[in-house]
Amino acid sequence: MDRIIQSPGKYIQGAGVLARIGDYLKPLADRYLVLGDDFVLGLVQEKVKASCSAAGLSLEVASFKGECSQNEIARLRALAEKAGCSAVLGIGGGKTLDTAKALAHYMNIPVVVAPTIASTDAPCSALSVIYTDSGEFESYLLLPSNPNRVIVDTEIVAGAPARLLAAGIGDALATWFEARACARSGATTMAGGECTRAALALAELCYNTLMEEGEKAMIAARQHVVTEALEKVVEANTFLSGVGFESGGLAAAHAVHNGLTAIPDAHHYFHGEKVAFGTLVQLILENAPLEELDDVAALCHTVGLPITLAELDITQDVAAKMRIVAQAACAEGETIHNMPGGVTVDKVYAAIMVADEYGQRLLDQWS
Ligand SMILES: [Zn+2]
């Protein structure tokens with residue numbers, strides 16, 4: 001199989017970078033459709049406009065209605081075409097960025113995304129998740145390429161609730177273990193080929209960065225200030241994990257997350273919070289050394305990520321519910337089948353129950 005790595009054209013990160021965005025947008029186009037929800041636009045619009053006008057760019061600002069749906073994309077496309085825009089800039093959270101990526105793809109023009117939170121590794125990827133107008137999952141839109149530019153203003157990220165950065169750490173924590181599993185089994189990654197040494201190295205660097213800087217970065221996030229540790233963790237959550245998951249591959253941790261969505265109990269938790277618990281399950285599943293388990297669980301607990309089912313509000317009928325979760329995690333096409341040696345529903349159920357008990361024992365020890 002061919003080895004493939006893919007990434008955004010350019011990744012730019014810094015405190016206050018949105019005030020300098022015009023210089024980064026200029027090489028791609030001179031008229032942009034700027035997409036953001038009303039809250040985000042209120043926060044950054046003046047800064048972005050001033051920088052763009054200084055760089056000689058013109059903008060058409062559009063207010064995002066909240067769902068990355070086909071209707072919303074069509075509405076924005078009509079707007080962008082009427083205004084003669086030759087590129088798209090999406091500023092905000094996952095759904096805004098996914099809409100900007102999809103819109104630019106359909107119009108065949110460049111796209112720049114500027115995430116305002118670091119809660120997932122989605123911004124760098126060549127993927128948009130399409131929902132219905134009422135917010136139900138509809139389909140994955142696989143894009144032929146990654147965004148032309150990803151621009152992260154760490155001042156804005158630090159201003160967001162700290163729990164979002166923790167969720168991003170949870171999502172990024174899985175990256176190394178999932179890529180390692182895919183490399184061991186020779187699985188095909190999201191990039192459509194075998195894992196490269198480069199992708200694997202980025203995934204491992206992602207893990208080491210979280211271990212060394214995660215706790216310090218969370219302190220900065222709670223104080224809403226930018227420090228060197230916060231910069232490193234934002235890069236790990238957004239870029240290292242983004243390239244790491246797409247070109248390194250997903251395995252059990254994300255499949256367990258998807259399984260957890262089959263029951264209503266943990267719906268109100270963030271993606272990365274469920275992925276964190278899924279990572280512990282994957283480590284049990286591969287019978288990882290106790291030391292590795294202890295390190296991962298300790299980091300999770302320190303930054304406020306769940307290490308037990310109870311911490312995900314799953315407390316009733318646990319055994320029956322975990323049967324359903326294990327079944328869903330093992331559905332056909334799930335990334336859990338990238339695990340070396342394969343898995344069965346029984347093995348996954350066992351790993352979930354052991355991860356929960358292990359996490360509970362640690363919580364008891366620490367209390
Ligand atoms: Zn994820």
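The values are calculated or read from the model by the stated rules, or taken from the named source; none is laboratory data. These numbers come from a predicted model, not from an experiment. Every residue, glycine as well, gets a Cβ built from its backbone with ideal geometry; the counts of neighbours run over all protein chains shown. Please note that ligands, DNA and RNA were not included when accessible areas were found on the heavy atoms of the full protein model with its side chains. Shrake-Rupley method; radii C 1.70, N 1.55, O 1.52, S 1.80 Å.
Descriptive notes on the structure:
A quick yes/no check of all residues on (1) under 13 Å from the mean Cα position of the chain (by Cα); (2) under 12 Å from V243 (Cβ atoms); (3) within 16 Å of the ligand (Cβ to nearest atom):
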{"position": "I117", "(1), (2), (3)": "yes, no, yes"}
{"position": "T120", "(1), (2), (3)": "yes, no, yes"}
{"position": "S134", "(1), (2), (3)": "no, no, no"}
{"position": "Y140", "(1), (2), (3)": "no, no, yes"}
{"position": "I169", "(1), (2), (3)": "yes, no, yes"}
{"position": "E178", "(1), (2), (3)": "no, no, yes"}
{"position": "T196", "(1), (2), (3)": "no, yes, no"}
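- Any pair with Cβ under 6 angstrom, 6 or more apart, that starts in segment 101-130 at a residue that is open to solvent by 30 Å² or more (accessible area, probe 1.4 Å) and ends at one that is assigned to a strand (DSSP E or B) and among the small types (G, A, S): I109/A87; P110/A87
- Test: L240 is touching a Cys at 6+ places or on another chain (Cβ under 7 Å) and either outside any loop (DSSP other than H, G, I, E, B) or surrounded by fewer than 22 Cβ atoms within 10 Å (Cβ to Cβ) (or both): yes
- Options L76, L28, L43, L59: the member that is open to solvent by less than 30 Å² (accessible area, probe 1.4 Å) and either modelled with pLDDT of 95 or more or closer than 30 Å to T196 by Cα (or both): L76
- Residues of segment 221-266 that turn out to be within 16 Å of the ligand (Cβ to nearest atom), of a type in the set (S, T, N, Q) and more than 16 Å from the chain's Cα centre (by Cα), as a count: 1
- Number of positions in segment 341-367 that are exposed (fewer than 15 other Cβ atoms within 10 Å of the Cβ) and not in a helix (DSSP H, G or I): 4
- Close pairs (9 angstrom Cβ cut-off, 6 or more residues apart or separate chains): closer than 24 Å to L164 by Cβ in segment 193-214, surrounded by fewer than 17 Cβ atoms within 10 Å (Cβ to Cβ) and at pLDDT 95 or above anywhere: M211/D295; E213/E228; G214/T302
- Test: L293 is touching a residue at least 24 places away in the same chain (Cβ under 8 Å) and either among the basic types (K, R) or within 16 Å of the ligand (Cβ to nearest atom) (or both): no
- Boolean, K95 is open to solvent by 40 Å² or more (accessible area, probe 1.4 Å) and of a type in the set (K, R): yes
- Hey, T189 open to solvent by less than 30 Å² (accessible area, probe 1.4 Å), part of a helix (DSSP H, G or I) and in contact with a helix residue (DSSP H, G or I) (Cβ under 9 Å, 6 or more places away or on another chain) or not: no
- Of G135, G159, all but one fail to be open to solvent by 10 Å² or more (accessible area, probe 1.4 Å) and more than 28 Å from Y24 (Cα to Cα); the exception is G135.
- Selected residue (criterion: farthest from D23 (Cα to Cα)) from residues of segment 62-73 that are of a type outside the set (A, V, I, L, M) and buried (at least 21 other Cβ atoms within 10 Å of the Cβ): S69
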